[in-house]
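Everything on this sheet refers to the single structure shown next.
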Amino acid sequence: MPTVDPALSLRGLTKRFGDTIAVDPLDLDVPRGSFYGLVGPNGAGKTTTLSMATGLLRPDAGTAAVLGVDVWRDPVAAKARIGLLPDGLRLFDRLTGEQLVTYAGLLRGMDRRLVAERTAELLATLGLTDARDKLVIDYSAGMTKKVTLACALIHGPRLLVLDEPFEAVDPVSARTIRGILHGFVEAGGTVVLSSHVMDLVERICTDVAIIAAGRVRAAGTVDEVRGAGSLEDRFLDLVGAPADVEGLAWLRTSSD
Amino acid sequence: MVAHLIRLKLVLLRNSLRRGAAAIVGMVVGVLYGGGLVLTAFAGLVALRATGEVEQLRLAVVTGGVVLTLGWTVLPLFFFGADPTLDPGRFATFAVPERALASGLLLSGFVGLPGLATVVVGLGLFVASTATVGSTLVALAAVPLGLLGCVLLSRIVTALAASVLGSRRGRDVAGFGALALLVLLGPTIALASGGGVTAQVLTRVVDIAAWTPLGWAWAAPAHVAEGRWTTGLACLLLAAVWVLVLFLGWERVLSSVLRNPRTVSSQSGSARGLGLFARLPATPMGAIAARAGTYWLRDPRLNVPALTTMLLPAALLLPAITEDSVLALVGMPVVCGYLLGWSQHNDVGYDSTAFWMHVSSGVDGVSDRLGRLFPSAVMAAVALPVYAVLGPVLGSPWSLLPASLGVAIAFLLNGFGVACVTSAVKQYAVPAPGENPFTSRPGSAGLTLGVQAVCGAAVTALTVPALVLGVLAWFGHDWAAWAALVVGPGLGAVVLVVGVRLGADLFARRQAVLLQDLVSMR
């Protein structure tokens, strides 16, 4: 039986910014059909790793392969398989929601009719139909995440890479997004998302990797990684929980 | 508090130099550029003091002072952009007493290169005002008042401009204001270069200026030097009142900014349907063209300069009409082609980090390069023929039409070719989407100047063959005019093809690097 290439395979990925080591040889395999959570403290290298895995940032060393296609050697084929929701990057937000999603589709070389059909369907599912003629700059944070997700989905990717998809999203929108992601995984797709909300990852992911200081500290199914306790306990264990808060006594004495 | 703000400005200045070699190069270029001018002015004023009569000194001091004040007020708006580092709005969340903030921001205006230049020129004006003991005494008070007036007026105008430009309506108004200024510039230059200004007229203008708020402080010592003590002291008093009024005005502007803080990008809008996306071909190139076109219609960072670029060649109509200059008429389409050609050399910079959509979609370089040129191509398709035909209609020989059109198209296509390459190589910082289009990024001046110099030189060098033929046509060789019409566009097409190929290659290899550059510029 031939071995099936993982949905995402990172080998020896390294990135330095000046003297700072952001990602220090990192290996990770994301199995096909998994709902994979990447957790880590701020500055652990999650965004850097995902950027290198999706072709936004060239690694200093190492390889990234999507379904067996090397992202940096055959970028066009690899990028066709990826849908991306980055964190902290702008959108072409002077376009309306409908224009932006259409743009994402046409950029991928899709046919006009198909783009129009899928745009309408995605906007309807994400509850953005009423806002489709509004400029994206006027969208709330949650709507912006949703319209970015629509851009990531329009070409029917096999792997979805989402950087902090639930940050600044209200519970209603979060539920919509979760529903779409679960449907995507059930249909055979693979989702990789980064977050620092342990509860959420524990609840919705099948697999998880804990990253700290640019390395994978633990990886596997959620049950394997958390063991007996909660994911948060294991995480704090690996990352190193801070000592009890000392000082700031003046904050506790209210004088009036 | 005041010392605090000045120290903050100094730290900002030092940190902007730490950002890298480009910033230091920019600063050096700035020092050489402005420093020479300032020192010349200073030396001129001192020399005039050594030799001149009081009459000449008065003219020089009042002219210098008024020009300095106007420079402080107008230049930041149109050329350098308002310095955003000490934007009063940024202090809204701190509990700084308003009066202290007003004084601190005022004095911090003297820190930095423009401040230093102002102080040096101010010293020169002081030296030139020391003709008599009395005028020296008055100048001791008048010159600082004049300098304070400069900075205060400039602070008020930039703060008001920032709030006006915060609204979309305001930006449109500002765009037309810039145009009006441009149109006024023409006759001024024509008047000055045509010898229409005699010494008498100049004296008259200066005498009037001396009695405006801009001139009071500078004229006071001169009045005293010429023996008119009462007039001089009255001017000094008026100048003091003027500074006080400005200070109170500045305080009010400041408190309104602090009490009603607003974000600049508070605009909203909508558009029905897909617009250009439905009209242009449904290919990656068509989509990129539609996106670029939509942005040029909606984004003031792009449409204000675009409109200016399109209309700038029309300024040549003034010498053409007032002095029957045939060269100006023939030059219109050429200037138009030159300006429009490489206007998009920094286009990726305007995408800011939204460029990730192009990177992650794996779009091919040729689509990206050619799609981006769509707005410039449309403007050129409208403007070039109009300017080219306008010349002969207004009196230049029809025989020169093929030459001017040929050279103009050569400039345009060569510019396109160069822009395709440069916008895939290196981008300099531009105002971010939604930012005041008149802000400048501190520390980016060097790179900006460098890239622009290279672009302009490259475009001109590539156009030399067409230019030579154009010059021959100008000197009466009719065959050269037709040759220019063949050779210019022909070579231009070759340059464009090579530029697109090269640019597409660079785009494919460097897109991730470009994106990281854009991320680091935020």
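Out of the stretch A:82-92, which residues are open to solvent by 10 Å² or more (accessible area, probe 1.4 Å) and either at the interface with chain B (Cβ under 7 Å from one of its Cβ atoms) or modelled with pLDDT of 95 or more (or both)?
Let us first name the residues in the stretch A:82-92 that are open to solvent by 10 Å² or more (accessible area, probe 1.4 Å), namely A:84, A:86-91.
Within the stretch A:82-92, A:Leu84, A:Pro86, A:Leu89, A:Arg90, A:Leu91 qualify.
Go through the stretch B:393-411 and give me each residue that's assigned to a helix (DSSP H, G or I), more than 20 Å from B:Thr308 (Cα to Cα) and touching a residue at least 24 places away in the same chain (Cβ under 8 Å). I'd like the intermediate steps shown before the answer.
Narrowing the stretch B:393-411 to residues assigned to a helix (DSSP H, G or I): B:393, B:398-411.
So of that shortlist, the ones also more than 20 Å from B:Thr308 (Cα to Cα) come out as B:393, B:398-407, B:410.
B:Ser399, B:Leu400, B:Leu401, B:Pro402, B:Ala403, B:Ser404, B:Leu405, B:Gly406, B:Val407, B:Ala410, listed by residue number.
Answer yes if at least one residue in the stretch B:412-429 is charged (D, E, K, R) and in a helix (DSSP H, G or I), and no otherwise. Show your work before the answer.
So the first thing to find is which residues in the stretch B:412-429 are charged (D, E, K, R), and the list is B:426.
Subsequent filtering for residues that are in a helix (DSSP H, G or I) retains none.
There is no residue in the stretch B:412-429 that is charged (D, E, K, R) and in a helix (DSSP H, G or I).
Could you say which residue among B:Leu48, B:Leu68 is modelled with pLDDT of 75 or more, open to solvent by 40 Å² or more (accessible area, probe 1.4 Å) and within 18 Å of B:Val143 (Cβ to Cβ)? Step through it out loud before you land on a result.
Values: B:Leu68 fails: open to solvent by 40 Å² or more (accessible area, probe 1.4 Å).
Checking each option against the conditions leaves just B:Leu48.
Just for the stretch B:252-268: of the residues that are within 8 Å of chain A (Cβ to nearest Cβ) and open to solvent by 40 Å² or more (accessible area, probe 1.4 Å), which one is modelled with the lowest pLDDT? Can you show your working first?
First, the residues of the stretch B:252-268 that are within 8 Å of chain A (Cβ to nearest Cβ): B:265, B:267-268.
If we keep only those that are open to solvent by 40 Å² or more (accessible area, probe 1.4 Å) too, we end up with B:265, B:268.
Working: B:Ser265: 44, B:Ser268: 54.
Only one residue fits best here, namely B:Ser265.
Hey, could you check the stretch B:269-296 for residues that are within 25 Å of B:Thr308 (Cα to Cα) and at the interface with another protein chain (Cβ under 7 Å from one of its Cβ atoms) and say which is surrounded by the fewest Cβ atoms within 10 Å (Cβ to Cβ)? Please lay out each step first, then the result.
Residues of the stretch B:269-296 that are within 25 Å of B:Thr308 (Cα to Cα), as a first pass: B:269, B:275-276, B:288-296.
If we keep only those that are at the interface with another protein chain (Cβ under 7 Å from one of its Cβ atoms) too, we end up with B:269, B:275, B:291, B:294-295.
Working: B:Gly269: 13, B:Gly275: 19, B:Arg291: 29, B:Thr294: 22, B:Tyr295: 20.
The residue in question is B:Gly269.
Quick one: which residue in B:Ala424, B:Ala408 is closer than 30 Å to A:Leu153 by Cβ and more than 13 Å from chain A (Cβ to nearest Cβ)? First the steps, then the outcome.
Numbers: B:Ala408 fails: closer than 30 Å to A:Leu153 by Cβ.
From the options B:Ala424, B:Ala408, the qualifying one is B:Ala424.
Out of all the residues in the stretch A:38-79, which are surrounded by fewer than 18 Cβ atoms within 10 Å (Cβ to Cβ) and facing chain B (nearest Cβ under 10 Å)?
At the first step, the residues of the stretch A:38-79 found to be surrounded by fewer than 18 Cβ atoms within 10 Å (Cβ to Cβ) are A:41-43, A:58, A:60-63, A:68, A:70, A:72-74, A:76-77.
Listed by number, the residues that qualify are A:Arg58, A:Trp72, A:Asp74, A:Val76, A:Ala77.
Which of the residues that make up the stretch B:449-472 are modelled with pLDDT under 90 and buried (at least 19 other Cβ atoms within 10 Å of the Cβ)?
Matches in the stretch B:449-472: B:Val451, B:Cys455.
Does the stretch B:282-294 contain any residue that is at pLDDT 90 or above and assigned to a loop (DSSP other than H, G, I, E, B)?
So the first thing to find is which residues in the stretch B:282-294 are at pLDDT 90 or above, and the list is B:282-294.
Next, from what is left, pick out any that are assigned to a loop (DSSP other than H, G, I, E, B): B:282-283.
Yes.
In the stretch B:115-135, how many residues are over 20 Å from B:Val243 (Cβ atoms) and either touching a strand residue (DSSP E or B) at 6+ places or on another chain (Cβ under 9 Å) or in contact (Cβ under 8 Å) with a residue 24 or more places away in the chain (or both)?
Going through the stretch B:115-135, the residues over 20 Å from B:Val243 (Cβ atoms) turn out to be B:116-117, B:120, B:124, B:127-128, B:130-134.
Now restrict to residues that are either touching a strand residue (DSSP E or B) at 6+ places or on another chain (Cβ under 9 Å) or in contact (Cβ under 8 Å) with a residue 24 or more places away in the chain (or both): B:117, B:120, B:124, B:127-128, B:130-132, B:134.
Residues flagged as over 20 Å from B:Val243 (Cβ atoms) and either touching a strand residue (DSSP E or B) at 6+ places or on another chain (Cβ under 9 Å) or in contact (Cβ under 8 Å) with a residue 24 or more places away in the chain (or both) within the stretch B:115-135 amount to 9.
Here is a check on your reading of the model: is B:Ala419 over 17 Å from B:Leu327 (Cα atoms), surrounded by 22 or more Cβ atoms within 10 Å (Cβ to Cβ) and among the small types (Gly, Ala, Ser)?
Values: over 17 Å from B:Leu327 (Cα atoms): yes; surrounded by 22 or more Cβ atoms within 10 Å (Cβ to Cβ): yes; among the small types (Gly, Ala, Ser): yes.
So B:Ala419 fits the description; yes.
In this structure, does A:Leu162 turn out to be closer than 30 Å to A:Ile21 by Cα and open to solvent by less than 10 Å² (accessible area, probe 1.4 Å)?
In short, yes.
Would you check which residues across the stretch B:127-144 are open to solvent by 50 Å² or more (accessible area, probe 1.4 Å) and at pLDDT 85 or above and list them?
B:Leu137, B:Leu140, B:Pro144
All but one of (1) within 24 Å of B:Leu502 (Cβ to Cβ); (2) in contact (Cβ under 8 Å) with a residue 40 or more places away in the chain; (3) out of contact with any Lys or Arg (no Cβ under 7 Å at 6 or more places or on another chain) hold for B:Asp347; state the number of the condition that does not hold.
Answer for B:Asp347: the failing condition is (3).
Name the single residue, out of those in the stretch B:51-65 being open to solvent by 50 Å² or more (accessible area, probe 1.4 Å) and assigned to a helix (DSSP H, G or I), that is modelled with the lowest pLDDT. Can you show your working first?
At the first step, the residues of the stretch B:51-65 found to be open to solvent by 50 Å² or more (accessible area, probe 1.4 Å) are B:51, B:53-56, B:63.
The next check asks that each one be assigned to a helix (DSSP H, G or I); those that pass are B:51, B:54-56, B:63.
Numbers: B:Thr51: 79, B:Val54: 74, B:Glu55: 77, B:Gln56: 79, B:Thr63: 84.
By that ranking, first place goes to B:Val54.
Can we say B:Arg501 is more than 14 Å from chain A (Cβ to nearest Cβ) and among the basic types (Lys, Arg)? Write out each step before concluding.
On the way: more than 14 Å from chain A (Cβ to nearest Cβ): yes; among the basic types (Lys, Arg): yes.
Considered against the rule, which asks whether it is more than 14 Å from chain A (Cβ to nearest Cβ) and among the basic types (Lys, Arg), B:Arg501 comes out as yes.
For the stretch B:494-522, name all the residues that are surrounded by fewer than 16 Cβ atoms within 10 Å (Cβ to Cβ) and closer than 28 Å to B:Ile409 by Cα.
Scanning the stretch B:494-522 gives B:Val494, B:Val497, B:Val498, B:Asp505.
For A:Leu123, are the conditions met, namely being touching a Lys or Arg at 6+ places or on another chain (Cβ under 9 Å) and either assigned to a helix (DSSP H, G or I) or farther than 23 Å from A:Leu100 by Cβ (or both)? Please lay out each step first, then the result.
Details: touching a Lys or Arg at 6+ places or on another chain (Cβ under 9 Å): yes; either assigned to a helix (DSSP H, G or I) or farther than 23 Å from A:Leu100 by Cβ (or both): yes.
So A:Leu123 passes the test.
Taking the stretch B:345-382 as the search range and keeping residues that are more than 14 Å from every other protein chain (Cβ to nearest Cβ), touching a Leu at 6+ places or on another chain (Cβ under 8 Å) and open to solvent by less than 10 Å² (accessible area, probe 1.4 Å), which one is nearest to B:Ser325 (Cα to Cα)?
Among residues in the stretch B:345-382 that are more than 14 Å from every other protein chain (Cβ to nearest Cβ), touching a Leu at 6+ places or on another chain (Cβ under 8 Å) and open to solvent by less than 10 Å² (accessible area, probe 1.4 Å), the one nearest to B:Ser325 (Cα to Cα) is B:Ala380.
Would you please list the contacts, defined by Cβ atoms under 9 Å and residues six or more apart or on different chains, that run from a residue in the stretch B:213-233 that is in contact (Cβ under 8 Å) with a residue 60 or more places away in the chain and not assigned by TED's automatic domain parsing to the domain that holds B:Gly122 to a residue that is among the polar types (S, T, N, Q) and open to solvent by 20 Å² or more (accessible area, probe 1.4 Å)?
none
The values are calculated or read from the model by the stated rules, or taken from the named source; none is laboratory data. Everything quoted here is computed from the prediction, not taken from an experiment. All Cβ positions, glycine included, derive from the backbone under ideal geometry; neighbour counts span all protein chains shown. The accessibility values were calculated without ligands, DNA or RNA, using every heavy atom of the protein model including side chains. Shrake-Rupley method; radii C 1.70, N 1.55, O 1.52, S 1.80 Å.
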